[in-house]
Structure formats: C-alpha cells, structure tokens
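For reference, the structure discussed in these notes is given below.
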Amino acid sequence: MSAGDRAPHARAPKPPLNPHWASGGLRPFSIKAKLGTLVVVSVFITTGLLMVAMYTATELRFITVFSIIATLLITQFVAHSLTAPLDEMNTVARSISNGDYTRRVRGDSRRDELGDLAVTINRMADELSAQDQQRKELVANVSHELRTPIAGLRAVLENVVDGVMSPDPETMRTALKQTERLGRLVETLLDLSRLDNGVVPLKARRFEVWPYLSGVLKEANMAVSQRAGIASGSGTHTRTDVHLHLDVSPPELTAHADPERIHQVVANLIDNAVKHSPAHGRVTVRARRGPYPESLDLEVLDEGPGIPQSEWHRVFERFNRGDAKNGGKGDGGTGLGLAIARWAVDLHGGRIGVAESARGCRIKVTLPGEPRTQS
C-alpha cells in the first residue's frame, strides 16, 4: 500500500467499552440496579420482620434492632463491592500519573459502570505506554540517523585540518552536501512521530541511479573510514578494510522515488552490511531495472555469516540487533537501521526482505516506480 493510499488519521476501530452491554440494552448489574435492589431488599426485610412481630408478639424494639443489623450487613456488602474497585483504580491512576504504565485495573470484566471505567483506565494506560515507547523510539531513530552525516562531515573536516585533503571546491562541496543532508534529516526525522498515521510525505521524482548511488557510497566510505575506534549509536567498529562496490546495469538506469528516503534505505543497509562483513570483505550495492516503468530492484550483499532463515522475519523489527548474525553476541547497536529502511520502503509501497544467497547476507529492495493509473 502506498503512502497516498493511507488515510491521514486512519486507526483500527476501537472495541466498545464493555462488549457485554454495548448494545445499550438493560443492564441488570449496573450500580443503579444494585442500589435499587438494596432498597427493595431492606424494605422486604423490615416488612418481613414486622409481620413476624405481629404473629409472634415479639417486641418492636427487637424487630427494629434486627432490621437495622440486617440492613447494615447488606449495605456493607454492596458498599464494599463498589468502593474496593475505586480504591484500586485510584492506586493505578496514581501510578500512571507517576509514569508507571505497567499497572492495570483488574475489574475490567465487571458488567457495570465500574467495569466500563476499568476498561477505560486500562485503555488509557495502553495508549500512554505506546506513546511513551514511540517517543523513546523517535529519540533513538534521530540519534541513529544523524550519526552517518555527522561522521562524514567530521571526516572531511579532519582531513582538511590534518592536510590530507586540500580545501578545494570539490572538498567543500562534499562537506556542504553532508551539512545540507544533516539539516534535512533534522527536519524529516521529526516526521517519525507521525509515522504510524501514515502522513509522512513522499517527494518522489525521477533521478539517475548510477550518479546517485555513487554519491551514497562515497559518503558511506567517508563514514566507514571515520568510524575506526569511534563509539557511536551502532557500536564501535574498526572496519576501514571493508570495500564498497557499485554495480548498476544498464549504466543509464533511472528510477522514480524519493531520493532522500532511498538514501536512508541504502545508507542503513550498507552500514548493516559493513558491520557484519569479515576482514577485507566486500559489500556490493546492485541496481537493476524493475518490471514496471521507472521501477527499481536494489540489492545489498555482504560476505558475512548471513542470517538464519528462521530469523528473516525478525531482522526488520525495531531494536532487533541481529544477534543471530554475530553468533549470539550483540554489537551494541540500537537495532534501528533495518527498521528505518523498511519504513522508507513501505512509504513507497515497495518491498524489502532477506533473499537467498550462496554466501553472506543479501537484502533485496523492490521499488514500484511511477504510480500506475487504473483504467
């Protein structure tokens, strides 16, 4: 499904507060019904005791005492059934106000107004917990995405300061390009807060694949060279020995997509492949023409240990750190790179997944190209 097909605020319909009585019919277990029953029972008890007094010549004062005791016992039973859930709800609400979203009210199965209130409080806790998780993921996404352009910009500036590179126009253009991309990322990554609503816009256009991917690999090379011994959001990697290779056929290949989003896809896939490549390994970015006009088939291949087929469905989940590729040892990363890549591909209505490979890992991306009009 493309981004244009998503409703701006489409959400799954929420279940009714209480499925037992959502139809609006009679609620025999409501609080009103219980209080009415309490009054009726009290009247019957008093009346019954009065009739007993009349037929047995019992003194009225004993009947009055018995009536009061019986009424108080029934009232205490009903009051406890009403106040105990309220005490629990108060405790849970206080925990939620202090930031603890793990507590839940246990009375959500009651068939009265208190059951409705319990369902509402539990639903509120679920939504607050989800929003808190999204906020944390947003911060992690921003940190992850900003790392690459900052590393590239730092590499250029350090090379100029150390005299390795001269501050010629080409070098300054590279630094400026990284700075501009950094600014764009600051703006676009804030859109992740609206990701679940599908309102992040796509700025798709036609572009030439070879020069575009060449620029992405150049930035990735600078980031890789800068990453030696530097702790970052994706761990500490000394991978200056990994070689990046570009394979585009035909050379004049063009595609229709959002270049900035595709940059997120390719950069994160390269970063993931570099992290898991062996010493002096090779990472290949391959681009071919897709089956539709301006569509594109992208592949990123490495020579690492690969991913077990049983883990293929999990590698694109957020905070999945790919421990299976590391022999069960995490690399200290956030596990967000492939999740961000999947998000960007989904915005295009494309597909991304792990494909069969004789060696290493092979991630395949399919972009649909120009929107197809239905006749």
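Between R61 and R135, the simple spin-label model (points 7 angstrom out along Cα→Cβ) gives 6.6 nm. If you take the square roots of the eigenvalues of the alpha-carbon gyration tensor of region 265-320 and sort them as a ≥ b ≥ c, do you get rounded (a/c under 1.5), prolate (a/b over b/c) or oblate? It is oblate, given that a/c is not under 1.5 and a/b is not larger than b/c.
Close amide H contacts of L244 (hydrogens built in the peptide plane, cut-off under 5 Å, sequence separation of 5 or more or a different chain): V283.
Approximating the spin labels as points 7 Å out from Cα along Cα→Cβ, the Q76-to-A358 distance works out to 8.4 nm. Taking label positions 7 Å along the Cα-Cβ direction at both S143 and E370, the computed distance is 4.4 nm, reported to one decimal. Checked against a 26 Å cut-off, the cross-linked pairs K203/K364; K136/K218; K218/K364; K136/K177 give Cα-Cα distances beyond that limit for K136/K218; K136/K177. Here the extension length gained between V161 and V52 equals 28.6 nm, from 0.36 nm per residue of separation less the Cα-Cα distance.
Applying 0.36 nm per residue to the separation of R314 and R206 and subtracting their alpha-carbon distance, the gain on full extension is 35.7 nm.
Since every read-out is calculated from the coordinates, none of them should be taken as a lab result. Note that the structure is a prediction, hence the values are computed from the model and not measured. Cβ atoms come from the backbone with ideal geometry, glycine included; neighbour counts cover every protein chain shown.
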